[in-house]
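A quick write-up on the structure given underneath.
The values are calculated or read from the model by the stated rules, or taken from the named source; none is laboratory data. Being a predicted model, the structure only gives us computed values, none of them experimental. When we count neighbours, we look across all protein chains shown, and the Cβ atoms used for this are built from the backbone with ideal geometry, even at glycine. Just the protein is used for accessible areas: all its heavy atoms, side chains included, with ligands, DNA and RNA removed. Shrake-Rupley method; radii C 1.70, N 1.55, O 1.52, S 1.80 Å.
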Amino acid sequence: MTNPIRQLCLAPDGQTEVLQGNIAFAVGCVRGGIHAADGYPGTPSTEVIHRGLSQVQDLITVGWSVNEAVASAVGHGHTLAGRDCVVTMKIPGLFQAGDIFTSGALYTQPRGGLVYYIASDFVPSSTQHTIDPRYLFKSCFVPVFEPRNHQEMHEAPALAVEIARKYNTQMVVMPSGILCHSEGLVRMMKPQKRAPVEMPTDLQAFMILPSIARRNYNMAITERMPALVEMVEQSPLNTWEKGDGKLGVITYGICDMYVRELKASLGKNLDVLSLAFTNPVPTDLVRRFCDSIDGPVFVIEDGYRYVQEQLQQAGLEVRGKEAYSTITEWTPALIADRLGFQIPHKTCGVSPIARPPAICPGCPYRLFGEDVAAMRKKGLIDAVFGDIGCYALLYFLNAVDTSLAMGAGEAMRQGFTLSHPGEASRCLAVVGDSTEGHTGMAATRNAVYRNMAGVKVVMDNSWTAMTGGQPSPTSPANLAGEPIRFDLPKTLEAHGANVHVVAAYNRKAVHDALTTALKDAGNGTYSTIVIREGECLRQSNASTQRVVADPDLCKQCGLCLICPGIEKGPDGVPVVNQLCSGCGGHTPACVQMCPFGALKAIDISELDRPAAPVFPTPPKAEAPARMAHDVLPTRISVGIRGVGGQGILFFGRVLTRLAFLAGYGDTNVVKGETHGMAQMGGPVISTFACGDVVSPVLLPCTADCLIALEKSEILRPDFLEMLKQDGTVLLATTGIVPPGLPDKEYPTDAQLKDTLRDFHVVELDVLGKALELGDSSGRMANVVMLGVLSTMQPFDVFSVELWHEALRRVNSQPGIWAANYAAFNAGRQMAQPVGW
């Protein structure tokens, strides 16, 4: 089987590819000669190891550790063996590893290079806070490089290791989550080889006894920092673009792309100083820049106001965020407003619906959530202390109240019951198996150590699920494929807890275990309930089990309608839909919810449905030639919105491949997208642009086309304002009402038409066309829409052969390629609807 990551790692120098930022960094680790990588999954950093380095374990030593602190110490161990190591995490992971990070920052002896890859998420999209760690980096005297584009992401590992080795310091690479998950052009760097550092047999210099720590601190202050200041002041990576000298902008990281996009799109003659390093800040360089400007100088930065404050403390007159600004992540539009540039803004008269993320259809956590919610309704449970993971989504089932940090839920429960002893039998802590292995087990030990009664529930689905299914200590095998010997229930028993092990899809067993454990807590017992035998459905083999209702027994009470995979049919009798997963072959949750025995599990072959279509093999065709540059539009951009599960990200990947094949690799191709919780039923956006473009986040009034695969998603803030004056809206007729939302709160077609009355709108039943093709899941609707798009200006400049080749390259598996080929052509052949 083709290994695309290996191909990239071994590709010729200068070969151009469109890569996600995390993958560009991963490939850069191998091509940059890094010896090892370690980490803990955390969006938006996860793909570096999960989709990248794990695929080339013969080229680099790589693994997942149980938490970020352990991964960081593993990284230090590699460096003491003389080898270079990258450790990946997101910002909360940095603080979890804080003791290791801060202590290791003052190692000042020669060794292998240690690089922390710390991905930021200042929105936040999938992180619990927006705390800016740059102040910590400064106090630790650690150099920080913040990549500004995908090429710098690719080259960052080698650059960082060279700095770490030269200055005897650990190094931070901190990319924006937008850069991590967007895609852009990358030219493969020249491969490097770096011999391990020859280390002494005596490692006592790496002791941190107070006297040694004091000496190291002094060396960092008097030797390391002056050398780093000289390095950043003279670095050719800082860029100074001179304009008319009337308005200056100092920026770094992802904001560099936004400022450049703004400058190019609006034709503004700005002076721009773009910094490569944020610790130390090249103050002398900035001073010269400020002296050259006869007007205001603005600092544009994500996070808090770190560089702005550093410069103001140095006596420089710069402007940035106001004292209590809530902006933590800029967009091109926000920057335009801050700099005083006028750009049109369009607003919707109808508010978008709330679309909270949800646990997956058939998720093994659902029956537990339903039972806890029912017990709360009966007044049997007062509080549930949650944690970080998929089970946090039980909040939307009223089955979890709080979350704080990885592993904190059980300790919070303990503090709560110490203050309210009578609550020990009326509250729960809930944690996942990966989080229990991460830091949660410390609180288990604390409960036993301090003899505190209570109930802790460990939801064991065998994987680190929310970040995409990485192995955890409870998984069948580790990243290297070796069987895992860790036994969670026995470990908890060894701690001294009273352990109940129950099956996730056994509603009665779950209820009985909760009832018994809460009763025992009232008598002074500490219990842990391990709910397992329900593997994450994203990691298990697809089940052919489905559910059917007996209309004669069904009372239409709605008690079974607990999952997105089952809904009320036209006659009021429940029916399963295309989202049904069959609960992984276990007794379906909805079946167990029915008090009348009206539901039963059957094989999908027993359902009265037409057989799955078999599409003819597409004709073989030669790869189409690149288009002439004078034929290519100068710039093309599009925004796509929908709901997690509709294939929005696939849509963007096809457009990216199309542009690259057409010849835009000589200019630029960028794609932005959301990740994290948006994948679980929440709103999803993907943006695409090629040609004279810089940013994956579009400016208002620059998109040629906006596409909504779910009609109400067109109303999301700032989406319609992306459209050009003469642009087109492709609006699917598909409506997806979130579970629990009253129908009357979903926007009506009349409201949508009124909101879009001033736009050129083409309405399409792409879902109906997919179903007509025999796709009972409706998942080909996105490809049908691609076919429609290919007939619209300016996208019709690309030949159908080029579109076909792009579609094939994104997924060339014969059956999928044949289905996509048929769906795409059906979209092209749809009768042109009447525009609004």
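Might you tell me the accessible area per residue for segment 118-208, computed with a 1.4 Å probe and given in Å²?
Normalised by residue count, the accessible surface of segment 118-208 is 38 Å².
With the Cα gyration tensor of the chain in hand, convert its eigenvalues to equivalent ellipsoid semi-axes via √(5λ) and list them largest first in whole Å.
Here the semi-axes work out to 42, 39, 25 Å.
Of all the accessible heavy-atom surface of the chain, with the other protein chains kept in place and a 1.4 Å probe, what percent is carbon and sulfur?
Looking at the chain in its full context, I get 53 percent from C and S.
Report, for segment 184-314, the % of DSSP beta bridges that are antiparallel, rounded to 5.
25 percent
Convex hull over the alpha-carbon atoms of segment 11-123: what's its volume per residue in Å³?
Cα convex hull per residue, to the nearest whole number: 113 Å³.
Leaving out ligands and nucleic acids, note down the accessible area per residue over segment 719-823 with a 1.4 angstrom probe, in whole Å².
45 Å²
So how far apart, in nm, are the two label points at Q57 and D749 if each is 7 Å from Cα heading toward Cβ?
The two pseudo-label positions are separated by 5.4 nm.
DSSP beta bridges in the chain, what fraction antiparallel, as a percent rounded to 5?
In the chain, DSSP labels about 35 percent of beta bridges as antiparallel.
What is the distance in Å between the Cα centroid of segment 217-252 and that of segment 513-549?
Value for the Cα centre distance between the two parts: 55 Å.
Using the Cα atoms of segment 580-648 to build a convex hull, what is its mean projected area in square nanometres?
9.9 nm²
Suppose accessible area is computed on protein heavy atoms with a 1.4 Å probe; arrange R657, R187 from highest to lowest.
Per-residue accessible area, sorted high to low, gives R187, R657.
Principal axis extents for segment 658-741, Cα atoms only, whole Å, descending order, please.
Rounded to whole Å, the extents work out to 49, 30, 20 Å.
Round to the nearest 0.05 the FRET efficiency obtained for E241 and A628 when R0 = 25 Å and r is the Cβ-Cβ distance.
0.25
Out of every Cα-Cα pair in segment 293-336, what percent are more than 12 Å apart?
For segment 293-336, the fraction of Cα-Cα distances above 12 Å is 61 percent.
If exposed GluC sites (Glu not before Pro) are those in a DSSP loop with at most 14 other Cβ within 10 Å, what is the longest stretch of the chain that has none?
By the stated rule (loop sites, at most 14 other Cβ atoms within 10 Å), 323-621.
Within segment 343-404, which trypsin sites (Lys or Arg not before Pro) sit in a loop by DSSP and count at most 10 neighbouring Cβ atoms inside 10 Å?
Passing sites in segment 343-404 are K378.
Rounded to a whole number of µm²/s, how large is the Stokes-Einstein D of segment 111-158 at 25 °C and 0.890 mPa s, given Rh as the Kirkwood radius over C-alpha pairs?
D, rounded to a whole number, is 192 µm²/s.
Charges at C-beta only: +1 for Lys and Arg, -1 for Asp and Glu. How large is the resulting dipole of the chain about its Cα centre, in Debye rounded to 20?
In debye, rounded to 20, the chain gives about 780.
Note down the accessible area of H345, probe 1.4 Å, to the nearest 10 Å².
Surface accessible to solvent at H345 totals approximately 100 Å².
I need the calculated FRET efficiency for the pair T2 and S419, taking r as the beta carbon distance and R₀ as 45 Å, to the nearest 0.05.
After rounding to 0.05, the efficiency reads 0.15.
Taking the Cα atoms of segment 678-836, report the difference between the largest and smallest coordinate on each principal axis, in whole Å and largest first.
The Cα atoms of segment 678-836 stretch 43, 40, 32 Å along the principal axes, largest first.
So what is the diffusion coefficient of segment 764-836 in µm² per second by Stokes-Einstein at 20 °C and 1.002 mPa s, using a Kirkwood Rh over Cα pairs?
D = 174 µm²/s.
At a probe radius of 1.4 Å, what is the per-residue accessible area of Y746, in Å² to the nearest 10?
30 Å²
Using all Cα-Cα distances in segment 181-227, what percent lands in each 10 angstrom bin from 0 up to the longest?
Cα pair-distance distribution for segment 181-227, in percent: 18, 22, 26, 21, 13.
If r is the Cβ-Cβ distance from I343 to Y395 and R0 is 41 Å, what FRET efficiency results, to the nearest 0.05?
Working from the Cβ atoms, E equals 0.65.
Rounded to the nearest 10 Å², what accessible area does V575 have for a 1.4 Å probe in the complete protein model?
Surface open to solvent at V575 totals about 60 Å².
Using a 1.4 Å probe, what is the accessible area per residue for segment 453-596, in Å²?
Per residue, segment 453-596 has 45 Å² of solvent-accessible surface.
Looking at this model, which pairs from K90/K138; K711/K753; K671/K724; K377/K744 are more than 21 angstrom apart at the alpha-carbon?
Exceeds cut-off: K377/K744.
For T439, what charge total do you get from the other residues with a beta carbon under 12 Å from its beta carbon, if Lys and Arg give +1 and Asp and Glu give -1?
-3
Note the direction-averaged projected area, equal to a quarter of the hull surface, for the Cα convex hull of segment 346-432, in nm².
8.1 nm²
For segment 295-454, what value does the Rg/Rh ratio take when both radii are computed over Cα atoms and Rh is the Kirkwood radius, given to two decimals?
Radius of gyration over Kirkwood radius for segment 295-454 works out to 1.17.
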